[in-house]
Amino acid sequence: MKPDPARYVHGTDAPWDEFQVVGKPHRKVDGLAKATGEAVYADDIQLPGMLHAKTLRSPHPHARIRSVDTARAEALEGVHAVITGADLPTKYGVIPWTPDENALATDLVRFIGDEVAAVAAVDEDTANRALELIDVDYELLHAYLEPEESLERHDPAIHPDNKKGNISKHVELSFGEVDEALERAEAGELTLIEDDYTFHGTTHAPIEPHCAVARYSPDGLLTLWSSTQITHYVHRTLSAVLGLDPAKIRVVQPCLGGAFGGKSDPFSLEFCVALLAMRTGRPVKMLWTREEVFYAHRGRHPMKMHYKTAADAEGRVHAVDAKILIDGGSYSSFGLVTTYYSGQLLTGPYDFPAYRFDSTRVFTNKPPCGPKRGHGSVQPRFAFEVQLDEVAEAVGVDPIEIRRKNFQGEETETVNGQRITSNGFLECLARVEEASGWRERRGKLERGRGLGVAGSMYISGTNYPVYPNDMPQAGIQLKVDRSGVVTIFTGGNDIGQGSNSMVAYLVAEELGMDVAHVRVVAADTDLCPVDLGAYSSRVTFMVGNAAIDAARKLRAQIVEAVAEAWEVEPARVRLVGGRAIDLSDSERSIPTREAFQIAEVRFDTLGSTGSYNTPTLGGDYRGGTIGASPAYSFTAHVVEAVVDEETGRITVENCWIAHDCGRAINPMLVAGQMEGSAYMGIAEALMEEQEVNRFGLHRGPSLLDYTIPTSFDTPELHALIVESVDPEGPYGAKEAGEGPLHPSIPAISNAVYDAVGVRLRHLPFTPGRVLKELRAARESRAGESP
C-alpha cells in the first residue's frame, strides 16, 4: 500500500502529524554569533563619553565605619564623582522579607571585600588611584568565622537590627511519626543509621565576570545593561533604592557568559553605575575583576548535617530525621529559601512515611552565600544518598535495589505535600544500571576501582514568586511580519542554557515554521513582558508554556482566516513545514507568509500574547509552597572511580547520567545540560573549595588558586535521556539544567566505598582526606584483630 500523500509535509518525507522541530537537534539561535565573536556582552558596550568605575572594598571582616573622607579622591584629576554608603542608604534584598544589604556599606562592613565607596573616572587606572586616596576610619569588631559560634554568640551582632541575633533563618518541620520510627529502631525492630556529613563552600566561576553599564539620558531615563539573570528584580530594586519611578528605568541583559545562580541577586555595581551616571551625566561602566567576583560570591552554602535513617529488613525507609547548620556568610540573599530547600526538596524520588528536618542558617563574616546550581538541595542530597548506601549495606540490599524499593511512584504526593506528576526515576535507574554494567561489575572490580550510584529529584520552577502577586510568572508577546518572520518578545533570561532557543523551537513547532524564521528579543524591560528570571530551573517549564499559549492563540487566527479563504472547515487546515496545507487536498498549500497575509487582512495587524502561572501547589502549612513545583525532574547517576591508595587521589573515569527531563525539546541541548551539571558536581567533590583563612581573608580569589577541572581532568560523561512526558510541561518537558548535578557527588563517595571500603562523608574529597580515612580504616581493622 502506498503511503497517503496527505500525511506528508509538502515536498518532504516528514509526516505532518509528527513533530517537525521538537525532539530534534538544532543549534542555538545565538550559537553562530557567539562562535564568531559577534555576540555583544556587557563589557563589549562602549558609549560616547563613557566613564569607568571601581569599588573600594573593606580590608576587615567585621568593623564599624567611623568616617569616610573622599576629599583627596575627588581632587584627583580625571575623577568625575565619588559616592559612599551615605548616597545609597536604602536597604534591599532579593527576598523582600530580608532586606539587609546596602549598595555601599553605611555603618558596618561585614566581610573582607564588602563594598564601601565607588569612583567614576576617565579610565580604570585613574579610578584605582582614586580608591587609594579615600580615607576610611574603622573600629574593628569581633569576626565570626565559624557557624557554631554565630549560633551561640550574638554580641556584637553582624546585623544589629536582626531580632534573632546572628541567626538568619530557622525552619523546623515534621511530617508523620518520626519519633515512633526512631523508638522502634532503638528497640531493634528497625535498622538505624546515624552520622554526620559536611559540605564545603563552592562558587560558580562563570567565564564572564559581573559587568554593568548605565546611561542617564537628558529626559530622565536610566538605562542599565547588566550581566544579570534577573532583569525584572533588578528593575524593581533599582526603583526602590534610587527612588526613581520604575517607568523611568530600563534594564537590559546583553549576552551572558554563564551564571549558574551567581547573578541571581541585585549587586552593588548595578546601583553604583546607575547613581554615578545620574551624578555625572555621562555613561558609566564597572567591570569586576575575577578577585571581586570571588568576594561577591553568592555560591554554595557550607552545611554541617546530621542524619538518621530508620529502615526495615527489606530496605524500606520508615523515617528520616535531619539537623542542618548552614553557613550563610554575611548577608541574607536567598537564604530564607535556602533554609527551606535544605529540607523540603529531599522527599523524592523516595517515599518517606515520616520525615523531619531542623535547619538553621546563621550569619558569618564571610562572603555572602546564595543560590548555586541545584540551590539548597545539593548538600542534603549528598548526605542522604551516602547514608542510603549505608542502610543498603546494613540490611544486605543492593544499592540500586534499595532505591527501587523506596520509589515513590507517579501521580502522587510526597510526605510534605508536594505534588508529583510524571516520574521516570525507575527508568533512570534501569538505564544507568545497564549502561555501567552494574550487575556484572559492582563489587567485583580490582581493589581501587569501584562503582557508586545515587539518585535525586529537583524542581521545574517554583510556586514561590519571590514577591507575592497574582500576576503571571512568565509572559510572551509575538509579532508577525508579512515576510513570514515571527518575533518573540520574552523577559526570560538566557544565561547560556539556551532559553531563547527553546522559545524559538516551540513557536516554530506550533506555527509550522522554519526555526530560522523566528527571531527572539529577550530580557529588556522596555520591550519584553515581565519574566521573573533564570533561577530554580523555571524557564523551560514556565516560559515554554507561555510561548505555547501565545503561539496557539496566533495559530487559531491564522487557521481560521485561511479556512475562510479556502471555504473549508478550520480542522482541515494545518500549519507545518513552512506552509499552510489542506489535510483533505494534498495539492492545496501555500507558504506560511501568504497565510500570515491572509490572516492580517482578516484580523488586522497580527500578534498575540501568552502567559503562565502555576496552579495552587504545596502543603497547607507555613513554608508549604517553598519547594512546591508544577513538575519535578528525576536523575540517577552511576560513577566509576579509581582510588590511588598511595597518594589518596580519586580519578573519576566514567559518569553515567540518566535524567528524566519530561520531553527533550532539543536533545542536544538537554545532553549538554546533563553533562555540564555532572561536570560541575564532580568538580565540587574533588577540586573546588571557597574558604577563608583564620583572619577572614579568602584563601585564593583567582582561577589559579581556585581549581576547576580542565578537559584533561574531565571523565567520560554519558548522557542518557529519559522522557516521562509530563502532563503539564510544554510538550511534556521538565527541567534539565540543575537536577543532573545532585547525584554525582554522593555517587563518587559510594564508588570510593566500593573501591577501597571507606566512607567519605566530608567534602571535598581531597587526597589528604582520603588518606586520613584509609589510615583510620586500617587502624580500626588492626584494633579489631585478635
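The values are calculated or read from the model by the stated rules, or taken from the named source; none is laboratory data. Model, not experiment: these values are computed from the prediction. Cβ sites come from the backbone with ideal geometry, for glycine too, and all protein chains shown count toward neighbours. In case anyone asks, the SASA skips ligands and DNA or RNA and just uses the protein heavy atoms, side chains included. Shrake-Rupley method; radii C 1.70, N 1.55, O 1.52, S 1.80 Å.
Tell me yes or no: at least one residue of segment 677-692 is small (G, A, S) and in contact with a Cys (Cβ under 7 Å, 6 or more places away or on another chain).
Looking through segment 677-692, at least one residue is small (G, A, S) and in contact with a Cys (Cβ under 7 Å, 6 or more places away or on another chain).
Could you tell me which residue of segment 554-578 is nearest to the chain's Cα centre (by Cα), considering only residues that are in contact (Cβ under 8 Å) with a residue 24 or more places away in the chain and open to solvent by 50 Å² or more (accessible area, probe 1.4 Å)? Across segment 554-578, the extreme among qualifying residues is R555.
Scan segment 350-359 and give yes if some residue there is open to solvent by less than 10 Å² (accessible area, probe 1.4 Å), out of contact with any Cys (no Cβ under 8 Å at 6 or more places or on another chain) and either in the same structural domain as E675 (by TED's automatic domain parsing) or among the β-branched types (V, I, T) (or both), otherwise no. Checked segment 350-359: no residue is open to solvent by less than 10 Å² (accessible area, probe 1.4 Å), out of contact with any Cys (no Cβ under 8 Å at 6 or more places or on another chain) and either in the same structural domain as E675 (by TED's automatic domain parsing) or among the β-branched types (V, I, T) (or both). Inside segment 395-436, residues that are among the hydroxyl-bearing types (S, T, Y) and under 17 Å from H318 (Cβ atoms) make up a count of 1. For R184, are the conditions met, namely being under 18 Å from V317 (Cβ atoms) and of a type in the set (K, R)? Yes, satisfied.
Do we find a residue being among the β-branched types (V, I, T) and farther than 27 Å from A733 by Cβ anywhere in segment 629-641? No; the residues of segment 629-641 include none that is among the β-branched types (V, I, T) and farther than 27 Å from A733 by Cβ. Restricted to segment 387-465, the set of helices (runs of 4 or more DSSP H) holding at least 3 residues that are without any contact (Cβ under 8 Å) to a residue 12 or more places away in the chain comprises 438-441. Against the condition part of a strand (DSSP E or B), touching a residue at least 12 places away in the same chain (Cβ under 8 Å) and buried (at least 17 other Cβ atoms within 10 Å of the Cβ), how does I158 come out, does it pass? It is false that I158 is part of a strand (DSSP E or B), touching a residue at least 12 places away in the same chain (Cβ under 8 Å) and buried (at least 17 other Cβ atoms within 10 Å of the Cβ). Kindly provide the set of residues from segment 589-622 that are in contact with a helix residue (DSSP H, G or I) (Cβ under 7 Å, 6 or more places away or on another chain) and among the aliphatic types (A, V, I, L, M), ordered by number. Within segment 589-622, A595, I598, A599, L606 meet the criteria. For segment 549-600, the set of residues classified as in contact with a Lys or Arg (Cβ under 8 Å, 6 or more places away or on another chain), of a type in the set (V, I, T) and in a strand (DSSP E or B) consists of I581, I590, listed by residue number. Checked against (1) under 26 Å from the mean Cα position of the chain (by Cα); (2) closer than 29 Å to G496 by Cβ; (3) open to solvent by 10 Å² or more (accessible area, probe 1.4 Å), K304 passes all but condition (2). Scoring A39 on the criteria (1) open to solvent by 20 Å² or more (accessible area, probe 1.4 Å); (2) touching a strand residue (DSSP E or B) at 6+ places or on another chain (Cβ under 7 Å); (3) assigned to a loop (DSSP other than H, G, I, E, B) leaves a single failure, condition (1). Considering only segment 285-296, I want to know if a residue exists there that is closer than 30 Å to L192 by Cα, hydrophobic (A, V, I, L, M, F, W, C) and touching a His at 6+ places or on another chain (Cβ under 9 Å). No. Residues in segment 601-634 that are basic (K, R) and part of a loop (DSSP other than H, G, I, E, B): how many? Of the residues in that region, 1 qualify. Does I488 qualify as being more than 23 Å from Q387 (Cα to Cα), modelled with pLDDT of 95 or more and either aliphatic (A, V, I, L, M) or surrounded by fewer than 17 Cβ atoms within 10 Å (Cβ to Cβ) (or both)? Yes: the conditions hold for I488. Among residues of segment 64-83 that are closer than 28 Å to H142 by Cβ and in contact (Cβ under 8 Å) with a residue 60 or more places away in the chain, those with a beta-carbon under 6 Å from a residue that is of a type in the set (S, T, Y) and surrounded by 15 or more Cβ atoms within 10 Å (Cβ to Cβ) at least six positions away or on a different chain give the pairs V68/T84. Screening the candidates S711, S702 for the property of being open to solvent by 70 Å² or more (accessible area, probe 1.4 Å) and of a type in the set (S, T, Y) yields one hit, S711. Only residues that are aromatic (F, W, Y), assigned to a strand (DSSP E or B) and closer than 18 Å to Y464 by Cβ were counted across segment 321-362, and they come to 1. Would you confirm, using the coordinates I've provided, whether E728 is open to solvent by 10 Å² or more (accessible area, probe 1.4 Å) and part of a loop (DSSP other than H, G, I, E, B)? Spelling it out, E728 is indeed open to solvent by 10 Å² or more (accessible area, probe 1.4 Å) and part of a loop (DSSP other than H, G, I, E, B). None of I682, I708 is in contact with a Ser or Thr (Cβ under 6 Å, 6 or more places away or on another chain) and not in a strand (DSSP E or B) except I682.
Return yes when S377 is under 25 Å from the mean Cα position of the chain (by Cα) and either modelled with pLDDT of 95 or more or open to solvent by 30 Å² or more (accessible area, probe 1.4 Å) (or both) and no when it is not.
Spelling it out, S377 is indeed under 25 Å from the mean Cα position of the chain (by Cα) and either modelled with pLDDT of 95 or more or open to solvent by 30 Å² or more (accessible area, probe 1.4 Å) (or both).
Look at (1) more than 40 Å from the chain's Cα centre (by Cα); (2) surrounded by 16 or more Cβ atoms within 10 Å (Cβ to Cβ); (3) part of a strand (DSSP E or B) and you find that A641 fails only one, number (1). Put simply, of R761, R775 the only residue that is basic (K, R) and either free of Cβ contacts under 8 Å to residues at least 40 places away in the same chain or surrounded by fewer than 18 Cβ atoms within 10 Å (Cβ to Cβ) (or both) is R775. Looking across segment 183-229, the residues that are outside any loop (DSSP other than H, G, I, E, B), open to solvent by 20 Å² or more (accessible area, probe 1.4 Å) and not hydroxyl-bearing (S, T, Y) come down to E183, R184, E186, L192, I193, E194, D195, D196, R215, W225. Among all residues of segment 713-736, there is at least one that is on the phi > 0 side of the Ramachandran plot, assigned by TED's automatic domain parsing to the domain that holds G681 and not aromatic (F, W, Y).
Can you tell me which residue is surrounded by the fewest Cβ atoms within 10 Å (Cβ to Cβ) among those in segment 494-529 that are among the β-branched types (V, I, T) and not in a loop (DSSP other than H, G, I, E, B)?
Once the filter is applied, the top-ranked residue is V521.
Close Cβ contacts (under 6 Å, 6 or more residues apart or on different chains) running from residues in segment 281-309 that are in contact (Cβ under 8 Å) with a residue 60 or more places away in the chain to residues that are among the basic types (K, R) and open to solvent by 10 Å² or more (accessible area, probe 1.4 Å) comprise P283/R215; H306/K323.
When segment 119-137 is filtered for residues that are out of contact with any Lys or Arg (no Cβ under 7 Å at 6 or more places or on another chain) and surrounded by 14 or more Cβ atoms within 10 Å (Cβ to Cβ), the ones remaining, listed by number, are A120, A121, V122, T126, R129, A130, I134, V136.
Of the set (1) out of contact with any Pro (no Cβ under 8 Å at 6 or more places or on another chain); (2) at pLDDT 95 or above; (3) open to solvent by 20 Å² or more (accessible area, probe 1.4 Å), all apply to A551 but (3).
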